[in-house]
Amino acid sequence: MWAFPERFEGRYVRLEPLALAHLPAFLRHYDPEVYRFLSRAPVAPTEEALRAHLEGLLGEPGRVNWAILLGEEVAGRISVIAPEPEHAKLELGTMLFKPFWGSPANKEAKYLLLRHAFEVLRAERVQFKVDLTQNLHLPHTPHKLSPPPPGGPRPRAWSSRRMTCTTSSGKRTRAAPSLASRQLPLPSIPTQWASR
């Protein structure tokens, strides 16, 4: 059985256990453009529907969920879905509220979980599922964490590990993460995030 910390702390974000206490942020930031990418989207922008959505995530066996906090604001959520320690693989799922697109939240939240998966759990494969026909924002994130061009340097810690991004058409792209934890080049904070 793999263990995941209850909390993660990064340079810009922290991850804390997702709970119904985060429901007000889900209501405040509801945007159909964000939810249309999810396979388990809430049926309506109501408190009842969003509560059922969160309860579904929290009740799914094997799933581990965190709220992504940028400063004191809930920026979205990230989950480990269907971990398979016997096969050394897992899947990550992320949903970021639209006001936080372009912030450091998505990249750093994924990085914190990737670092734990590859360096602590010794996972051999981490998968993301992305609908490239619909979601033009998300598919770039795994590649921002992927290796340099062939022949470029690769830290030993992650060189044999793989990330897989599965598209809606079933096409897979593979990349070994290229950055050790101390080397992650986090983005500079855009002016709009600097005061948060």
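Values in this text are rule-based calculations from the coordinates and carry no lab data. Every value quoted in this text rests on a predicted model; they were computed, and no experiment measured them. Cβ placement follows ideal geometry from the backbone for every residue including glycine, while neighbour counts extend to all protein chains displayed.
Quickly run through region 109-122 and pick out the residues that are farther than 20 Å from His29 by Cα and surrounded by 15 or more Cβ atoms within 10 Å (Cβ to Cβ). Let's see the steps before the verdict.
Kept after step one, since they are farther than 20 Å from His29 by Cα, are these residues of region 109-122: 110-122.
Lys110, Tyr111, Leu112, Leu113, Leu114, Arg115, His116, Ala117, Phe118, Glu119, Leu121 - these are the residues of region 109-122 that are farther than 20 Å from His29 by Cα and surrounded by 15 or more Cβ atoms within 10 Å (Cβ to Cβ).
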Seminar exercise, completed: Scanning region 40-78 for residues that are small (Gly, Ala, Ser) and free of Cβ contacts under 8 Å to residues at least 24 places away in the same chain, the one nearest to Ala3 (Cα to Cα) turns out to be Gly62
